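Contents: one structure, followed by commentary.
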Amino acid sequence: MLKEISVEVFVREVASSSPAPGGGSVAALAGAQGAGLLSMYCNLSQNRDKLGDVVDELQEKGEEARFLKTKLIEAIDEDTLAFNQVMDAYRLPKACDDEKAVRKEAIQKAGINAAEIPLHTARGSLRVLSLVSDVVGKGNPMAITDLGVANLQAFSGVTGACYNVKINLDMIKDKNKVDEFQEEINSIMKEAEELFNKNRKEIEEKV
């Protein structure tokens, strides 16, 4: 599994001629790294004498960040698996009408799944951006740059994941389904851009 190999091997796999792991898995990793840094910011902000009752909020946000990190790490492998399923569907035989019908249905199922996986990544990464907004400036001031990188990584996760949703829409023939996907990624990107810019401004004022 990709999530269990070393960073060096993972990057080598990404850099190879193989199309997977690709942008979807890297977007999931970016989101997971953002969640991990957010968790670290919260973990480094446990001095109740200095921070008061805000420590309780930071503990709660840190716990959610760790949950998101786990889900986004899982998406690294899920995205590559989804891509492979699309390729398998296109390789199905199509010598007769029955085979063509089976192949067509398999492509549709694989295409929808290939769009849904990065959509989960986008949602999770967007939540990381929202959590960054909740805690910015409340924790250990020495860790503010770590939170800044969390903001950058989470935004990369959202943006990269939305790219991967969009590229997979071409193979989906259900117009209503395509419209649903497109409407959601538009909404996610709009909210992500607003949160990212707000977070960056607040963080850079504190660096």
Every pair of residues 6+ apart whose Cβ atoms lie under 9 Å, when the first sits in segment 183-197 and is under 15 Å from Ala115 (Cβ atoms) and free of Cβ contacts under 8 Å to residues at least 24 places away in the same chain while the second is crowded, with 19+ Cβ neighbours inside 10 Å and basic (Lys, Arg): none
Pair list, Cβ < 8 Å and 6+ apart or interchain, from segment 142-167 residues that are under 22 Å from Ile112 (Cβ atoms) to residues that are part of a helix (DSSP H, G or I) and of a type in the set (Asp, Glu): Asn164/Asp79
Residues being part of a loop (DSSP other than H, G, I, E, B) and crowded, with 18+ Cβ neighbours inside 10 Å - total across segment 82-97: 0
Residue within segment 118-137 that is surrounded by fewer than 17 Cβ atoms within 10 Å (Cβ to Cβ) and modelled with pLDDT under 95 present: yes
Segment 169-207, subset among the β-branched types (Val, Ile, Thr) and in a helix (DSSP H, G or I), residue farthest from the chain's Cα centre (by Cα): Ile203
Extreme residue, farthest from Ala75 (Cα to Cα), among residues of segment 1-22 that are crowded, with 18+ Cβ neighbours inside 10 Å and in contact (Cβ under 8 Å) with a residue 60 or more places away in the chain: Ala20
Residue list for segment 127-169, restricted to those being touching a Leu at 6+ places or on another chain (Cβ under 7 Å), more than 27 Å from Ala82 (Cα to Cα) and of a type in the set (Val, Ile, Thr): Val132, Val135, Val136, Val149
Residues within segment 1-56 that are closer than 22 Å to Val149 by Cβ, of a type in the set (A, V, I, L, M, F, W, C) and not in a helix (DSSP H, G or I), tallied: 1
Residue under evaluation Gly137, criteria (1) in a helix (DSSP H, G or I); (2) on the phi > 0 side of the Ramachandran plot, criterion not met: (1)
Test for Lys61: is it farther than 27 Å from Gln182 by Cα, surrounded by 15 or more Cβ atoms within 10 Å (Cβ to Cβ) and in contact with a helix residue (DSSP H, G or I) (Cβ under 9 Å, 6 or more places away or on another chain): yes
Filtered residue count, segment 106-121, keeping only those that are over 28 Å from Lys69 (Cβ atoms) and without any contact (Cβ under 8 Å) to a residue 60 or more places away in the chain: 2
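The values are calculated or read from the model by the stated rules, or taken from the named source; none is laboratory data. This structure is a prediction, so every number in the text was calculated from the model and none was measured. FYI the Cβ positions are ideal-geometry reconstructions off the backbone, even for glycines, and counts take in every protein chain you see.
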